[in-house]
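K.L.:
Below is a structure I'd like to ask you about.
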Amino acid sequence: GVTRLLLTRIPFFKEIIVSSFSCDSCSWSNTEIQSAGRIQEQGVRYTLAVTSRQDMNREVVKTDCASAQIPELDFEIPAFSQKGVLTTIEGIIDRAVAGLEQDQPARRATDKEVARKIDEFIGKLRQLKDVSSPFTFILDDPSGNSFVENPRAPQRDEALLVTRYRRSPQQSALLGLEGEELDTEPPDAAEDLRDEVLQFNTNCPECNAPAGTNMKLVQIPHFKEVIIMATNCDSCGHRTNEVKSGGAIEPQGTRITLRITDPSDMTRDILKSETCSVEIPELEFELGMGALGGKFTTLEGLLKDICNLVEKNPFTLGDSSTPSRTGKLQEFIGKLQDVKGKAQAHFVMDDPAGNSYLQNVYAPEEDPELSVQRYERTFEQNEELGLNDMRTEGYEPQAPSGR
C-alpha cells in the first residue's frame with residue numbers, strides 16, 4: 001500500500017501531520033494524525049455541551065493519549081486505546097459504534113446476554129447522533145495537543161469550556177516525561193527551606209562557649225511563616241528557643257482575646273512574638289512587650305513559662321523580698337494554676353506588629369470564644385517599633401541640580 005503524509009495547520013490551533021494509508025489489493029484505508037509540535041507545558045480538557053446537529057459536525061483532533069467521555073451514558077474511550085485521528089464528534093461516535101460491533105457475532109454465539117446489552121448500548125450511541133436530547137462531550141488530553149473546534153472563533157463559545165491543568169506524576173510517566181519534568185521545573189528555594197533545618201555557629205549566652213543554633217522555617221496553618229531558632233550548649237547544658245516572624249510588620253496591630261471556658265483550651269497553639277504583651281484581666285496581670293521573647297508553644301506552655309518567670313525572679317521571691325510581697329505572689333501563682341485547670345478567665349494578646357497568633361480550633365469557621373480585633377497603631381507604638389523614622393519610599397538621594 002501507499003502512505004501519504006500532509007503537514008497542515010488547523011486555524012486557532014497548531015500544525016499537525018495527517019497520514020493516510022490505502023491498499024489497492026483489499027481496498028482497506030486508514031487515516032491517523034500526529035502532532036507536529038512538542039508536548040505542551042499543560043494538559044487540556046475540553047467540555048462541550050452538544051445541543052444541535054451543528055455541534056456534531058465540529059472538528060476534533062484526538063491524539064493517542066487523549067480520552068473521550070460522554071457522562072450521560074457513562075461511556076469513555078480510554079487513552080492509548082485508539083490512534084490519533086482528525087474527525088468530528090459524529091465521527092468519534094461512529095468509530096466507537098464500529099469498534100463495539102466488530103466482535104458482536106462472536107459474542108452472540110458465546111454469551112447472548114452480554115451481546116444484548118452491547119446492542120442496547122450501541123442503540124443509545126446512535127440516538128446521540130440525532131441530538132434528541134442534549135449531552136456532554138469531554139475530551140481530556142494530558143499532552144495538551146488535542147482540540148475541539150470553536151465555530152465562532154475568535155469569539156468565545158458559550159457551549160465550549162476549555163480548561164488547562166498541570167499534569168500529575170502518573171500522567172507525566174505515561175507520556176515519558178519523568179526526566180524532562182525534573183529538568184525543566186526550577187527548584188523552589190522556599191520549599192527547600194521548609195524541609196531543611198539550617199545550622200550556624202554561635203556562642204552560648206550563659207557561658208560564652210561555642211555552641212550551635214538550629215533554625216527552621218515553619219508554616220503555621222491559617223497564619224503565616226515563622227522562623228524557629230533553638231540553641232543547645234554542650235558545655236553548660238543551657239538550652240533556649242526563640243521564634244521570629246518570617247514576614248513583615250503588618251499595617252495594623254492585632255488584639256486577640258480568648259475566653260477560657262474549658263481545660264481543652266490549654267492545648268491551643270500560640271505564637272507570641274517579641275513585640276506582644278499578654279494580659280489576664282481577672283488576675284490583674286500584664287506581661288509587657290519583650291518579656292519571655294518570641295515563643296511558639298501552647299496556652300498551657302505559655303502560662304507555665306509565666307509561672308517560672310515569677311517563681312525564679314530573685315527581686316520578688318529572694319532574700320530581700322518582704323513577706324507581704326511573697327504572700328501576694330504565691331497567691332497569684334495559685335490563681336494562675338486555677339486558670340490552667342478549672343477557673344474561667346480572659347486571655348488577651350496585644351501585638352502592635354500584628355505578628356502574633358492564637359489557634360482557632362474551629363478554623364476555617366468562626367470561633368465563638370475567640371475574637372481578633374485589628375487597630376491603628378499610636379505614635380508611641382510606632383516609635384517603639386522604629387517605624388516613625390523608617391522610610392520605605394522616596395529614600396533615594398536627590399541628584400544635585402545643575403547650575
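The values are calculated or read from the model by the stated rules, or taken from the named source; none is laboratory data. Keep in mind the model is a prediction, meaning the values are calculated, not measured. A quick note on method: Cβ atoms are made from the backbone with ideal geometry, for glycine too, and the neighbour counts reach across all protein chains shown. Protein only, heavy atoms only, side chains kept; ligands, DNA and RNA dropped before computing areas. Shrake-Rupley method; radii C 1.70, N 1.55, O 1.52, S 1.80 Å.
K.L.:
What angle, in degrees between 0 and 90 and rounded to the nearest 10, separates the Cα long axis of helix 299-311 from the longest principal axis of the Cα atoms of the chain?
P.N.:
With both axes taken from Cα atoms, the answer is about 20 degrees.
K.L.:
Ok, one more. Under 26 Å between alpha carbons, and skipping anything fewer than 8 positions from residue 83 in its own chain: which lysines qualify?
P.N.:
Leaving aside lysines fewer than 8 places away in the same chain, those within reach of residue 83 are 14, 62, 124, 129.
K.L.:
I would also like to ask the following. Helix 112-129 against the longest principal axis of the chain: what's the angle in degrees, Cα atoms only, rounded to the nearest 10?
P.N.:
Approximately 90 degrees, to the nearest ten.
K.L.:
Within the stretch 164-178, name every residue whose backbone N is under 20 Å away from a label modeled 7 Å from Cα of residue 17 along the Cβ vector.
P.N.:
Inside the label zone: 175-177.
K.L.:
Another question, if that's okay. Give the accessible area for residue 361 in Å² (nearest 10); use a 1.4 Å probe, count only protein heavy atoms, and leave out ligands, DNA and RNA.
P.N.:
80 Å²
K.L.:
Please compare each pair in 244/340; 244/328; 224/335; 224/328; 272/312; 216/328 to a cut-off of 31 Å on the Cα-Cα distance and tell me which ones are over it.
P.N.:
244/328; 224/335; 224/328; 216/328
K.L.:
If you average over every viewing direction, what projected area does the convex hull of the Cα atoms of the chain give, in nm²? Each step should come with its number before you reach the end.
P.N.:
Numbers: hull surface 163.9 nm².
If you wrap the Cα atoms of the chain in a convex hull and average its projections, you get 41.0 nm².
K.L.:
Continuing with the same structure: Relative to the longest principal Cα axis of the chain, at what angle does helix 89-101 sit, 0 to 90 degrees, rounded to 10?
P.N.:
The answer is roughly 70 degrees.
K.L.:
Please work out whether the stretch 239-280 counts as rounded, prolate or oblate from its C-alpha gyration tensor, where a ≥ b ≥ c are the square roots of the eigenvalues and a/c under 1.5 means rounded, while otherwise a/b larger than b/c means prolate and anything else oblate?
P.N.:
Working: a/c = 2.36, a/b = 1.36, b/c = 1.74.
The shape class here is oblate.
K.L.:
Further question: Can you send over the solvent-accessible area of residue 45, 1.4 Å probe, protein chains only, in Å² to the nearest 10?
P.N.:
Using a 1.4 Å probe on the heavy atoms, I get roughly 70 Å².
K.L.:
Select from the stretch 329-372 those chymotrypsin sites (Phe, Trp or Tyr not before Pro) which occupy a DSSP coil region and have at most 12 other Cβ atoms within 10 Å, ordered by residue number.
P.N.:
Listed in order of number, the matching sites are 362.
K.L.:
In the stretch 42-175, with Lys and Arg counted as +1 and Asp and Glu as -1 at Cβ, which of these residues, 169, 80, 98, has the Cα nearest the positive end of the dipole, that is, farthest along it?
P.N.:
Among 169, 80, 98, the one farthest towards the positive end of the dipole of the stretch 42-175 is 169.
K.L.:
While we're here: Leaving out ligands, DNA and RNA but keeping every protein chain, what accessible area does residue 250 have, in Å² rounded to the nearest 10, with a 1.4 Å probe?
P.N.:
60 Å²
K.L.:
Additional query: In deg cm²/dmol and to the nearest 500, what is the mean residue ellipticity at 222 nm of the chain if only DSSP H runs of at least 4 residues count, each as -39500 (n - 2.57), divided by the residue total?
P.N.:
After summing the helix terms and dividing by residue count, I get -7500 deg cm²/dmol.
K.L.:
Further question: Output the lone cysteines of the chain: those with no second cysteine's C-beta under 4.7 Å from their C-beta.
P.N.:
23, 26, 65, 276, 307
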